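Each reported figure results from applying straightforward, stated rules to the coordinates on display, with no laboratory input. Note that the coordinates shown come from a computational prediction; the quantities given were computed from them, not determined experimentally. Note that we place each Cβ from the backbone using ideal geometry, even for glycine, and neighbour counts take in every protein chain shown.
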Amino acid sequence: MSKPTTPTISLVTAFYNESQNLPIFRERITALMESLAGECEVVLVDDHSSDCSPQIAQAWAEQDSRVRYIRLSRNSGSHAAFSAGLRYATGECAVLLAADLQDPPETVPELMHRWREGADVVWAVRLAREGEKWSTKASAAAYYWLMRRFALPDMPAKGADFLLVDRKVINAYNEVGEKNTSILAMILWMGFRQAFVPYVKQARQHGSSKWTLAKKIKLFVDSVVSFSYAPIRGMSLVGIGVALAGFAYAAFVVFGRLVGWIDTGTGFAALMTVLLVGQGIMMTMLGVLGEYVWRSYDEARGRPRYIVERSIPTIEKTGESPPLREAA
């Protein structure tokens with residue numbers, strides 16, 4: 001088969017050590033492409049897997065000209081990998097979905113239906129999460145509540161890992177150079193016409209999630225720092241509160257000495273408590289400032305979000321080279 005110049009849809013997936021799921025993913029994606037009206041392409045982004053996932057993905061790309069394979073030179077994280085996929089996607093729209101099959105590819109036709117109705121961004125919104133631990137659900141609920149409360153009020157309450165974006169959204173996102181951010185939060189922040197399609201996030205059948213606690217914490221910090229000034233404002237309020245409390249306590253001590261309520265000092269224990277609490281607050285504030293300063297420094301260095309190690313078919317080595325295709 002010949003590869004279309006301008007496919008209708010690009011199915012973009014990022015994976016890391018998904019050798020057990022990729023063959024099943026290939027079967028379901030191939031069936032999906034055959035059922036869709038219009039031309040399709042698949043963009044497989046290998047986030048520097050260390051198992052046999054690269055061999056499986058490369059074989060797929062070599063056997064099907066509708067499939068493109070991109071391998072990153074280091075493990076850069078799923079958000080950077082999806083950014084690479086959007087950079088090299090050529091379709092009129094693109095769907096971002098994971099290769100672990102927790103986000104069912106069979107939902108894509110419904111996303112495309114809403115896109116054809118005029119939506120620029122179509123979110124597959126989770127109604128439920130099958131097979132997840134209560135701790136995972138609780139941490140996810142806390143993350144989305146905090147993001148809705150302090151950063152992005154329009155973020156879906158139960159989250160969305162799976163979405164379709166129009167070519168104009170792809171081009172706009174490709175112009176964004178931020179590295180330490182959430183691709184989903186950035187697309188939501190960008191605006192455009194939004195639509196929502198409910199679905200049930202399915203349980204993982206093979207392998208284990210690569211979404212570790214450390215990665216979850218980094219995503220939360222990146223999301224808050226990128227889209228909210230609440231931590232900085234909170235630091236100011238805490239500083240004002242501590243200062244007022246200190247002045248009030250000092251006034252109370254002076255007044256107490258004058259009227260005879262206080263005859264002796266407050267004691268070593270009270271002094272250490274004040275020092276430890278005060279120092280703890282100061283160190284926390286410095287840590288919050290450090291998060292903002294570090295991300296500013298990281299952006300100023302200008303390092304790329306990802307580097308392409310190899311690809312099928314062959315493309316440029318960096319993630320910033322391909323020209324942006326104009327939206328229809």
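At-a-glance table
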item: From phi via Karplus (6.51, -1.76, 1.60), per-residue ³J(HN,Hα) for segment 231-239 in Hz, x at Gly/Pro; result: x, 5, 4, x, 4, 4, 5, 5, x
item: FRET efficiency, SER35 to LYS168 (Cβ-Cβ, R0 22 Å, nearest 0.05); result: 0.25
item: Cleavage-rule hits, trypsin sites (Lys or Arg not before Pro), segment 26-103, DSSP coil, Cβ neighbours within 10 Å at most 13; result: ARG74
item: Amide H within-cut-off set for VAL197, under 5 Å, with H built and near neighbours excluded; result: TRP123, ALA124, VAL125
item: Estimated FRET transfer efficiency when R0 is 30 angstrom, pair ASP154-VAL200 (beta carbons, to 0.05); result: 0.85
item: SER50 versus HIS113: modelled label distance in nm, points set 7 Å from Cα along the beta carbon direction; result: 4.4 nm
item: Peptide ranges 106-116, 7-17 listed from the most packed, as the mean C-beta count within 10 angstrom indicates; result: 7-17, 106-116
item: Net lengthening on full extension, ARG233/LEU258 (0.36 nm per residue, minus Cα-Cα); result: 5.2 nm
item: Directionally averaged projected area (convex hull, Cα atoms, segment 1-91), nm²; result: 5.4 nm²
item: Spin-label model distance (nm) - VAL176 vs GLN63, 7 Å beyond Cα toward Cβ; result: 3.6 nm
item: ASP46, ASP100, ASP120 arranged by Cβ crowding within 10 Å, fewest neighbours leading; result: ASP120, ASP100, ASP46
